[in-house]
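To keep things clear, I will list the structure first and then write my remarks on it.
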Amino acid sequence: MNPLHLLFESSYGPLAGGVMIGLAAALLWLVHGRIAGISGIAGGLFDAPRGDKRWRLSFVLGLVGGGVLFSRLLPEAFGAPSASVGVVVLGGALVGFGTTLANGCTSGHGVCGVARVSKRSLVATAAFMAAGMLAVYAARTLTGGPS
Amino acid sequence: MIRQLSFVFAGALFAAGLAVSGMTDPARVLAFLDVGGRWDPSLALVMVGAIGVYAVASAFSKRLRRPFAASRFHPTNQRHITPRLVVGSLVFGVGWGLVGYCPGPAIVSTATGASSVLYFTLAMVVTFGVTRKLLGRLDDGADDAGEAVDALEPAVTMVPAAAPVGLGTAAQAATSTSTTRTPSGASRRPSSGQ
């Protein structure tokens, strides 16, 4: 059996994946001096100065390229949302608006900011975790079944 | 070229980590957030692994004058806990909890070509652009400050455009190296490779 499948099935998958995410973020910071905040990197494609766009595009291409590779190597890791199209689009818009307003998401605040014990990031992370938990609870209560 | 490839590699490694950790499966993410139901706490270990590694890297970087392949670090210039930070994070959390994707896994999962992922990511990316445009208009002319200080932060600073760069860098230098640099010295350095 492919060792990647074994790792994914084992209880070490999340920790190993987390370490890989940490290494990628460390690479961006130590080599390039950039914070690995996905919402900021991707959002900057819209309004960053011209010379500041190329690395963002390269990184996002890497994300998608990694997705192409791993959706073949480890297809069981990829699921699709179970929500209806309307909810999916609403969710995407809320994530886009909220992370732009907050200047960061799970990666920029949740990983990079929390790791350097930034007060802003600790507050942001507590807020989006709490709101996410409440949204799941509300969705399950309203629909009357497991979400 | 090698520089761009290293960004591609960092992106791909980040994507691999998201896949191996299970973050690219919305059902699993929703189970992690479902503390009142069938809670699956295993994804907390993703944070533990990522934060553990990054904390070491972040601490090590305080000994460096500059990154290995760039003229300076681009830290955030934001210091204060603002309503905007809290409201934005709450709104983000609701969207995350409705569908199960945060920005990284959404972008990575577009590779599967599943239509629902494409809808989510398209809505998210369009909203990035629209929100940045609106915020830029609200902040009225502070764009240069935002660009120069930190790419992660859209223009929000109230201080004159040129000041935050020198001050921010000087403050950082002061905390890390204490005596070697003065504020004026820091601001005289070339701002970056941009």
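Data table
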item	result
Protein accessible surface hidden between B and A, which excludes ligands and nucleic acids, total in Å², probe 1.4 Å	9500 Å²
Rough spin-label spacing in nm, given labels placed 7 Å along Cα→Cβ, for A:Lys53 and B:Arg63	3.9 nm
Lysines with Cα under 25 Å of A:Lys53, excluding same-chain neighbours fewer than 8 positions away	B:Lys133
Solvent-accessible surface (1.4 angstrom probe) belonging to A:Trp29, in square angstrom, nearest 10	20 Å²
Point-to-point label distance, A:Asn2-A:Val85, nm (Cα→Cβ direction, 7 Å offset)	3.1 nm
Computed P(r) (all Cα pairs; the stretch A:12-111; 10 Å bins; percent)	13, 37, 41, 9, 0
Average beta-carbon neighbours from other chains, 10 Å sphere, peptide A:113-120	6
Inter-chain shielding of B:62-74 (mean C-beta neighbours from other protein chains, 10 Å cut-off)	3
Cβ crowding within 10 Å averaged over residues, with A:10-22, A:116-128 ranked highest first	A:10-22, A:116-128
Other protein chain Cβ atoms within 10 Å, averaged over every residue that makes up B:34-43	4
Probe 1.4 Å, protein heavy atoms only - accessible area per residue of the stretch A:80-147 in square angstrom	39 Å²
Dipole of the stretch A:1-79 [Lys/Arg +1, Asp/Glu -1 at C-beta], most positive-end residue of A:Phe59, A:Leu74, A:Phe46	A:Phe46
Extension gain (nm, one decimal) between B:Arg137 and B:Ala44, 0.36 nm per residue minus Cα-Cα	29.7 nm
Within the accessible area of the stretch A:1-79 (1.4 Å probe), percent carbon and sulfur	69 percent
Segment B:Arg79-B:Val126, extension gain: residue separation times 0.36 nm, minus the distance between their alpha carbons	14.2 nm
Computed label-point distance, nm, for sites A:Val31 and A:Glu9 using a 7 Å Cα→Cβ extension	3.3 nm
Chain A: DSSP helices with Cα axial extent of at least 20 Å and average Kyte-Doolittle hydropathy no lower than 0.5	A:13-32, A:54-73, A:85-102, A:119-143
Apportionment of accessible area to carbon and sulfur, the stretch B:1-131, percent (1.4 Å)	71 percent
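The values are calculated or read from the model by the stated rules, or taken from the named source; none is laboratory data. None of the values given here were measured: they were computed from a predicted structure. With ideal geometry, Cβ positions are generated from the backbone for all residues, glycine too; neighbour counts draw on all protein chains shown. Just the protein is used for accessible areas: all its heavy atoms, side chains included, with ligands, DNA and RNA removed. Shrake-Rupley method; radii C 1.70, N 1.55, O 1.52, S 1.80 Å.
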